[in-house]
Every structure is written in C-alpha cells, then in structure tokens.
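The values are calculated or read from the model by the stated rules, or taken from the named source; none is laboratory data. None of these values were measured; they are calculated from a predicted model. Glycine also receives a Cβ, built like all others from the backbone with ideal geometry; neighbour counts cover every protein chain displayed.
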Amino acid sequence: MFKMIYNIARTELQMLFYSPVAWLILVVFGVQSGMLFADQLAQLVSSQEMGYNVSGSTITIFASNWGGVFTTMQNYLYFYIPLLTMSLVSKELSSGSIRLLYSSPITNTQIIVGKFFSMMIYGLIMIGILFLITLCSWAVVKDFELSMVLTGLLGLYLLICAYAAIGIFMSSLTSYQIVAAIGTFAVLMVLSMIGGWWQDYDFIRDVTYWLSMPGRSGKFIAGLICSEDVLYFVIVVCLFLALTIIRLNSVRQKIRFVITLGRNIGVIFLACFLGYLSALPQLKLYHDATSTKMNTLTPNSQDIVAKLDGGITITTYINALDPGASWYAAPHFLKPDMARFEKYLRFKPDMKLKYVYYYDTTSNPMLDKRFPNATLREKMVEVCKIYGLDSNKFMGPEEIRKIIDLSGENNTFVRQIVRDNGEKAWLRIYNDMQRFPSEKEISAAFKRMVMDLPKVGFVEGHGERSYSGGKDRDYSAFANDKGFRYALENQGFDVAKVTMDQQVPEDINIIVISDMREWFTPKQEANLQQYIDRGGNLFILGEPKRRDVMNNLFAKFGYEMTTGVLVKRDTNLQADVILSYPTKEAADSIAYDFGFMRRRRMVITTPSTAGLEQIADKGYTVTNMFTTDTIGVWNELETTDFIDDTVCLNPAIGEVEKIYNTVVALSRKVGNKEQKIILTGDADCISNGEFGRRVPTARASNFSLITGGFFWMSDNEVPIDVRRPALPDNKVYVEKTGSKVIKWSFMIVLPLLLAGIGIFLWIRRKGR
C-alpha cells in the first residue's frame, strides 16, 4: 500500500515539475518572500544606524503586522495553492485516465493520499525557500529566535497542507481545471469569512468560529503552538481527503446518492465533533517557543491564578445605551472578546465567561440629541436597528436591577468577576487607546480574591487635595477614577478617607497627605505620630505656597522644602514648570518603572515645585528619586507671575543654581517590617490636570510616579509585576552594503536559479 502511494506521489511530482506553472509559482513565491525579507532587514539596518533600539528584530522580520515575511506570505498562499491543485484529479477526469486507474488494483484512498503527498513535498519546497531566509536571518541577527521562526514555518506548512486537501477535493468534483481552481478559491473564501456568520446563536457561533481559518497559522507565527490549532489543520486535511475518497468511490462503484450523502454528512459531523473536543479548554495543550514566553502569562500572574481554587465566572454587562466600547462584546464580536482571556483559560480552564445585555440610564449626549423625546426602550430599539441586533435579548432597567446594581459603575461596559465563594471584583475598560485591561489589571483583579491588598488612606480635613473630586487640582484620577488605567483602584489598591481625629485604622497600609493648609491639632498630630511609630507608610506631597505648614511635617523625617519656587528658562515651557528626571538609584532600589523611564528618557512634570533638602538625620535610608536638570535650575525668590514676567537668576538674594531633589524616598526598619515614605516638593504632579499635560521637548510619564511609588510602598504586591525579560535580538550584524547584497541574492539570484533548474528540466524532457 505504502509503495503504491509513494509511486503515485513520485509520478505526480514528476508531472508537476515538468510543468512551467509549478516553477513559475516557486519563482514568484521566492521573489515575493525575498522582497519582504530585504525590506524588513533594510529598515532594521537604517534604524540601527540612526541609533534606535532594534530589539525584537526576529519579530520585526517575520511576525510584524507591517510587512513581516510570515504574516504577509500566509495571505498570499491563498492564491498559489489552487493553481497547483486544480489539475490533480480533474485532469484524470477530463482525459479519461481515471478509468485506467479504476481498472487497476489501486484503491481510491491510495490515489488521493498519493496525490496529497506530492503536494506535501511541494509545500516543503516552498517552506525550504522561507527556510533559506531563516538561515540568513540567523546569521545576521544577534540572538536570533530560531525556535519561534521554526514554529512559524510549521504553521505555514500546515496551512499549505490544508489548502492542498481542499484543492484536491474541489478538483475531484469537475473535469474542468479552471472550475476546480475557482471552486477552491470559493471554499477558501468561505472558510475565511465563516467566522463572522450567524454569531447571534451560541451553538452555531462555536461551530462557525472553529471552522474559520484566519488566525490559525497566526498563532504559530507568533511562536505559540496550541493543540487546538494543530488538530484543526489535521482535521481539515482528513475531512477533505475523506470527502474526496467518498466522491470517487461513489463514481467508481455506482453508489446511490442517498448513501453517499449519508457518508458525507457522517464525516462532516465526525470532524465537527472532534473539533469541538479539541476546542475544550481542559483538553488544550500549549508550547510557547519564544525566549521571553510572550504568549504566556508571566510567573506572577500564573501564581495568582494557581491560588484561585474553585470556580470563577466573569460576567460582562453590556448596556445598549452606553456610548463607550459596548459593542466590542456584542454577539458579532463575542469570540474575539473571549480570546482576551485565553491566556488565563490556559491555566484556569474551568473559568466561565458570561454576557448579559441590558439597557439603562447612562450618559450619552449624542443619543439624547438624536432621540430627544424617546424612552429608554425606544432608544435601545433604535440602537439595535443600527447595529443589527436582536432587541429582545436586552433586559430592561427593572429586570437588570433585580440581578445587579450597576449604578456605581455608571451603567457602562463592565465585567464582574465572581468566585464560587462569593468574592467579587470589577474589571473595567479605560479611556485610553488600548481600552481593554492588560494582564496587569486583570491579574490585579484576580489578586483581590486571593489576598488582602494594600489600602490607601487619604487624609482630609486640613485643606488637602480631594481624592474623589474631579477638579484639575484634585486626585480622583490618581485614586479612584474608574476610567483611568493607572488609578490606584484599578491597579489593585483600595482607597478610603482618613481623618486624624482618631487613630489610623490598622487596615490602612499607606496614607497620603497633600498640600495641607492647616496644621494638625495636638490630638491629630499624636495620632499621626502613633501611625509613624508603628511603621506606617506615607506619601507626602508638599507645595511651595504651603511651605510653613508642610515643613512641620517634613521635619519629622529630617527634611524641609527649599525657599522659593524652582524655575528654569525654557522657551517651550513656563518657567516654573520643572522637568524632573528619575535617578539611577530610584531605578535600582525603588521600582522598575523608573528604570523604564530612564531607558525611554521620560520625565515627570512638577509645576510650581520646591526642592527638598535634608536638615537632620532621622535614621532613614535616603534615596533621591527625582532631580531637576543638571544646569539652569534655581530657586526663584522674586518673580511670582511666571506668565508675563521674565525670570532672572539673582544670587545676591539667595537664589542658587544647582541640582535639586524634587522627590525623595525614605526607608527604615520598624520592628519586623520596613517603613517606606515618599516626599515630594510638588502636589500638582499627580493631580487630575497634570496627567493631560503634553511636553514638547520630553515624554512626560507622571503616572509612573504612582505605579512605581506605590509598588515600592506596597512591598511589590501591586501593581502586578508583569515584566518579561528583554528581547535578546537587539542587533543586526550587517550594514547597508550587506543588506543590498542579501536583497539582490533573494530577489535575483535565487529566482534565476529556480528558473534555470525549471528550464533545464523542460529542455531535458523535450530532448527525450
């Protein structure tokens, strides 16, 4: 049997390579892939010569969405394979040679499998061209991610095999080769589009989404092997080969149509059933071939998920009247939305995802303007008409309120995570370009369920900034703004109001004191001192205008705010808007966020800030976190109008030009814990208004003071550390001349070589 299959495959290959079509496809395929490779390599060379970071060179060359060799070529295989398969069976039908095969002892299974093996070998040749590009990249890229690229080659090869099986089936249906090619194109088009069909129905959604072919090889290209995707290609290949064999058997043996139809339906149902089993989260296996495991949850997230014993249900609530991103989880987009949690399902396969559709009052000025006199239900019906949704699936306000109260979330798009033991957490979308929560936010929500996370208390009652107010000078964005990704509440912290009229509660881990206008009463000061003495952490934000009050507080830690306001002559910024730079010490000993800022040359803006100077040693270890520029900054004592007046350095009155500390970190051992304190000379740097500032000459990242500072003060508990190792492939060992040589080698030499071999074989055959 195997010998016969081998002979058929060899014969088909001989006929294929005596055909100019096969060689033409290889030449075009080689030119196209070589051009893509050369362009990506040239871009890397140019970027490197310009001094830019070229880490992730392997991804750039092969897996980039903007011209990557593999990501682009997978889209063109769609056109190549039908041209190869269109004649595999149809030529036998049109020439009548199929009767000779029927009269021989060769079975239909041997015929089809043999022809398929010939296409598998041809596919290996196509992959061989890409492998040459891989070898070249391996030679010129430092720490090349070979395993990731080999995984991508596997994915492309499986895609070629699937296309070939479909092409063979279509070729068996007609004696006309062109019709077979067009039919193959049509089937491939259906498989590329079917994932978006009938998405309103749960069962059909699962079936059609599984049948959808786009993205299957994309995971391989990204370096991830999933058993579901491997089995998908195997099932598709076996399905269409089986259908082809059934088709030929029905012709050869004159089998009745009803029996043939039953066999086809049986094979299709078996394929769907196996596909359903392969898609079950409990049965999936994964292998991440990337060096940094970028397709896998980070170890910290894995540890959190491992502690989530019992069942977990994530319910997404979608308000039809929400002007935000509500329709990202509409029925048409349900499967892509579920995919956002695939990394977690890998480690928690019993996790359930539910979706609830409703309508209720929410802020939507555009909808109110368009339908000013409509009821809530009428507005919902109109919205459903626009988006093509079934309005009967949406619960009314009374019905949804019996299930859950979403008024605290303003009835916007939100997810609630519920554990079987009753513990709950919210997961929101954010008002930024990314919109959806990243691994950091999702893992923080899960971590709430497995441990008590730090609680931050905001001291009020002495003129401090409000942690719930929405004015520019307030701290709601920093503390609890549900739409701000970096708000403490979204990063895993709880926040609460604290008054110093009584002792600070034991569950408060960090207190924030900002811009005090009045000093504490003796009782309040005693309660504060008791909190300090027990080792409580503090985040203290001063302001030059409150120097007299704030210095009383700073003095407890051996510091004071300098006189005046720090200024710098800068044509792009107001003089009192100071750029503060993270120090190496902060990057090394406080938080990794500050190291990231240094690498990206980021700053925080500190408008109207004072410097911080140590006046006494209170037993704390001091780390200067942020400092001013090395030149041009002084403490202005005369000018108060920084809009219309021009600042001028006057040393005679005590103005000193030097490097000033604007943020300082203090730490000491208190009992069995480490007390951590952060002092700033500016209270505006993390205010609502300052997060929106754009600096022409630098990249402002004020939120990093929140994420980095509170990461340190929470003993690295939250925000969740989801760092991965730096990509090692950060250099290319070739210059422009070398890249041009590589370009012409793949675009001219290789195609000419392939064309030459094809012409030689054609002449040799003609000469016989």
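A few notes on this one:
- When residue 374 is tested against the conditions (1) surrounded by 12 or more Cβ atoms within 10 Å (Cβ to Cβ); (2) more than 33 Å from the chain's Cα centre (by Cα); (3) not in a loop (DSSP other than H, G, I, E, B), the lone failure is (3).
For every residue, the table says whether it meets (1) touching an Asp or Glu at 6+ places or on another chain (Cβ under 9 Å); (2) in a helix (DSSP H, G or I); (3) modelled with pLDDT under 75.
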residue: 203; (1), (2), (3): no, yes, yes
residue: 207; (1), (2), (3): no, yes, yes
residue: 214; (1), (2), (3): no, no, yes
residue: 233; (1), (2), (3): no, yes, no
residue: 242; (1), (2), (3): no, yes, no
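- Residue count for the stretch 694-730, restricted to those that are of a type in the set (D, E, K, R) and surrounded by 16 or more Cβ atoms within 10 Å (Cβ to Cβ): 3
- Among (1) in a helix (DSSP H, G or I); (2) farther than 20 Å from residue 454 by Cβ, the one test that residue 531 misses: (2)
- Residue count for the stretch 637-672 satisfying the condition of being farther than 25 Å from residue 625 by Cβ, among the hydrophobic types (A, V, I, L, M, F, W, C) and touching a Ser or Thr at 6+ places or on another chain (Cβ under 6 Å): 1.
- Scan the stretch 272-329 for residues that are part of a helix (DSSP H, G or I) and in contact with a Ser or Thr (Cβ under 6 Å, 6 or more places away or on another chain) and the total you get is 3.
- Of residues in the stretch 453-509 being among the hydrophobic types (A, V, I, L, M, F, W, C) and part of a strand (DSSP E or B), the one farthest from residue 423 (Cα to Cα): 459
Quick grid of which residues meet (1) at positive phi; (2) touching a Lys or Arg at 6+ places or on another chain (Cβ under 7 Å); (3) among the aromatic types (Phe, Trp, Tyr):
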| position | (1), (2), (3) |
| --- | --- |
| 479 | no, no, no |
| 488 | no, no, no |
| 492 | yes, yes, no |
| 498 | no, no, no |
| 502 | no, no, no |
| 509 | no, yes, no |
| 513 | no, no, no |
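- Residues within the stretch 260-278 that are in contact (Cβ under 8 Å) with a residue 40 or more places away in the chain and either touching a Lys or Arg at 6+ places or on another chain (Cβ under 7 Å) or surrounded by fewer than 17 Cβ atoms within 10 Å (Cβ to Cβ) (or both), tallied: 3
- Options 695, 663, 647: the member that is in contact with a Phe, Trp or Tyr (Cβ under 6 Å, 6 or more places away or on another chain) and under 16 Å from residue 608 (Cα atoms): 663
- Search result, residues across the stretch 563-614 that are farther than 17 Å from residue 625 by Cβ and assigned to a strand (DSSP E or B): 565, 567, 568, 577, 607
- Test result for residue 345, in contact (Cβ under 8 Å) with a residue 60 or more places away in the chain, in contact with a strand residue (DSSP E or B) (Cβ under 9 Å, 6 or more places away or on another chain) and in a helix (DSSP H, G or I): yes
- Count of residues meeting criterion [surrounded by fewer than 17 Cβ atoms within 10 Å (Cβ to Cβ), within 24 Å of residue 209 (Cα to Cα) and either outside the structural domain of residue 401 (by TED's automatic domain parsing) or small (Gly, Ala, Ser) (or both)] in the stretch 287-316: 1
- Odd one out for residue 561 among (1) at pLDDT 95 or above; (2) out of contact with any Phe, Trp or Tyr (no Cβ under 7 Å at 6 or more places or on another chain); (3) surrounded by 15 or more Cβ atoms within 10 Å (Cβ to Cβ): (2)
- Of all residues in the stretch 377-390, none that is assigned by TED's automatic domain parsing to the domain that holds residue 321 has its Cβ atom under 6 Å from the Cβ atom of a residue that is assigned to a helix (DSSP H, G or I) and among the charged types (D, E, K, R), 6 or more apart or on another chain.
- Residue 257 being touching a Ser or Thr at 6+ places or on another chain (Cβ under 9 Å), at negative phi and either modelled with pLDDT under 95 or surrounded by fewer than 21 Cβ atoms within 10 Å (Cβ to Cβ) (or both): yes
- Scanning the stretch 299-319 for residues that are β-branched (Val, Ile, Thr) and more than 17 Å from residue 425 (Cβ to Cβ) yields a total of 1.
- Among the conditions (1) part of a helix (DSSP H, G or I); (2) buried (at least 19 other Cβ atoms within 10 Å of the Cβ); (3) out of contact with any Phe, Trp or Tyr (no Cβ under 7 Å at 6 or more places or on another chain), residue 87 misses just one, which is (1).
- Count of the stretch 719-768 residues which are part of a helix (DSSP H, G or I) and either touching a Phe, Trp or Tyr at 6+ places or on another chain (Cβ under 6 Å) or not basic (Lys, Arg) (or both): 27
- Near pairs, Cβ below 7 angstrom, 6+ apart or cross-chain, from the stretch 50-73 (in a helix (DSSP H, G or I)) to any residue that is of a type in the set (Ser, Thr, Tyr): 61/137; 63/71; 69/33; 71/64; 73/33
- For the stretch 317-329, taking the residues that are surrounded by 20 or more Cβ atoms within 10 Å (Cβ to Cβ) and modelled with pLDDT of 80 or more, the one that is nearest to residue 282 (Cα to Cα) is identified as 317.
- Taking first residues from the stretch 526-554 that are over 28 Å from residue 566 (Cβ atoms) and partners that are of a type in the set (A, V, I, L, M, F, W, C), the Cβ contacts under 6 Å between residues at least 6 apart in sequence or on separate chains come to 527/500; 531/504; 535/670.
- Test for residue 712: is it of a type outside the set (Lys, Arg), at pLDDT 85 or above, within 34 Å of the chain's Cα centre (by Cα) and not in a loop (DSSP other than H, G, I, E, B): yes
- Residue 318 vs. criteria hydrophobic (A, V, I, L, M, F, W, C), in contact with a Phe, Trp or Tyr (Cβ under 9 Å, 6 or more places away or on another chain), touching a residue at least 12 places away in the same chain (Cβ under 8 Å) and within 27 Å of residue 722 (Cα to Cα): no
- For the stretch 539-569, the set of residues classified as in contact with a Gly (Cβ under 9 Å, 6 or more places away or on another chain) and more than 14 Å from residue 609 (Cβ to Cβ) consists of 539, 549, 551, 553, 558, 569, listed by residue number.
- Test for residue 690: is it surrounded by 20 or more Cβ atoms within 10 Å (Cβ to Cβ) and among the charged types (D, E, K, R): yes
- Residue match in the stretch 638-656 (condition: in a helix (DSSP H, G or I), in the same structural domain as residue 591 (by TED's automatic domain parsing), touching a Leu at 6+ places or on another chain (Cβ under 9 Å) and not small (Gly, Ala, Ser)): yes
- Filter pass, residue 38 being more than 25 Å from residue 188 (Cβ to Cβ) and crowded, with 20+ Cβ neighbours inside 10 Å: yes
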